[in-house]
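Structure first, commentary second.
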Amino acid sequence: IEKCKVMRFNLIKNPIIFNYSISNSNLEFVSTFKDLGIIFDSKLNFSYHTEFIKNKAMRTLGFIKRSCNDFSDPLALKILYYSLVRSNFDYCPLIWINNTSKQDDNIESVQNNFLRFISFKFNIHRPPHGSYENILNYLDLMPLKVRRLQLLSKFLHKLISGLIDCPELLYLINFKIHSINL
């Protein structure tokens, strides 16, 4: 019972308050809750989650930068970045991504930090306060926003192709499929 929590999902300022209990024990109300690695909040905007994974990724990136200062191969650093940092952003984006510019900038700042590090360490020219395009091309990387859209497109393709069996989601997409009479 002590593991059970109550969370209200609403957008109104004064929701109806009701006390929930199990076996005469009142359940605790929470505004955020972590379930299967995703932090849910009462407004379902996932700002706590994006801030959490950004901070986690920044700490990991800092560890890589400190530990791998002697590395002379940018591709080795790219592999570490992929496996330890970017993997945080690739976990369940279907659930938590909102595509707000603030959220995109917040997440993209991690990759930009990595690109600045690579640029400085391997003397790759980048105009001051300019684009990271040449470093992205050098490492064969894509912006994280494009990466998330690619992951979402792959999911949609699998859903439409029948590789994911979920008629409820297909119905929500409002596809109209005409039957073929043979």
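Of all DSSP beta bridges in the chain, what percent run antiparallel (nearest 5)?
75
Using a 1.4 angstrom probe on heavy atoms only, work out the carbon and sulfur share of the accessible area of the chain in %.
58
Please identify, among Tyr91, Tyr171, Tyr82, the residue showing maximal mean-square fluctuation in a Gaussian network model of the chain using a 10 angstrom Cα cutoff.
Result: Tyr171 has the largest fluctuation of those listed.
For the stretch 32-182, with the dipole built from +1 on Lys and Arg beta-carbon atoms and -1 on Asp and Glu ones, taken about the Cα centre, which of Tyr81, Asn98, Tyr171 lies farthest toward the positive end?
Tyr81
Using a ≥ b ≥ c from the Cα gyration tensor of the chain (square roots of the eigenvalues), is it rounded, prolate or oblate, where a/c under 1.5 gives rounded and otherwise the larger of a/b and b/c decides, a/b for prolate?
The shape class here is oblate.
To the nearest 20 Debye, how big is the dipole of the chain about its Cα centre, given +1 on the beta carbon of each Lys and Arg and -1 on that of each Asp and Glu?
260
Counting only helical runs of four or more DSSP H residues, what would the 222 nm mean residue ellipticity of the chain come to if each run contributes -39,500 (n - 2.57) and the total is spread over all its residues?
Mean residue ellipticity at 222 nm (helix-derived): -14500 deg cm²/dmol.
List the trypsin sites (Lys or Arg not before Pro) within the stretch 15-73 that fall in a DSSP loop (any state other than H, G, I, E or B) and whose Cβ has at most 16 other Cβ atoms within 10 Å.
Lys43
Which order do the peptides 149-162, 19-32 take when ranked by the mean count of other beta-carbon atoms within 10 Å per residue, highest first?
149-162, 19-32
Going toward the positive end of the dipole of the chain, with +1 on Lys and Arg Cβ and -1 on Asp and Glu Cβ, which of Leu139, Phe114, Asn26 do you reach last?
Positive-end residue among those listed: Phe114.
The values are calculated or read from the model by the stated rules, or taken from the named source; none is laboratory data. Everything quoted here is computed from the prediction, not taken from an experiment. Cβ coordinates were reconstructed from backbone atoms using ideal geometry, including for glycine residues, and neighbour counts include every protein chain displayed. Areas reflect the complete protein model, heavy atoms only, side chains present, ligands, DNA and RNA absent. Shrake-Rupley method; radii C 1.70, N 1.55, O 1.52, S 1.80 Å.
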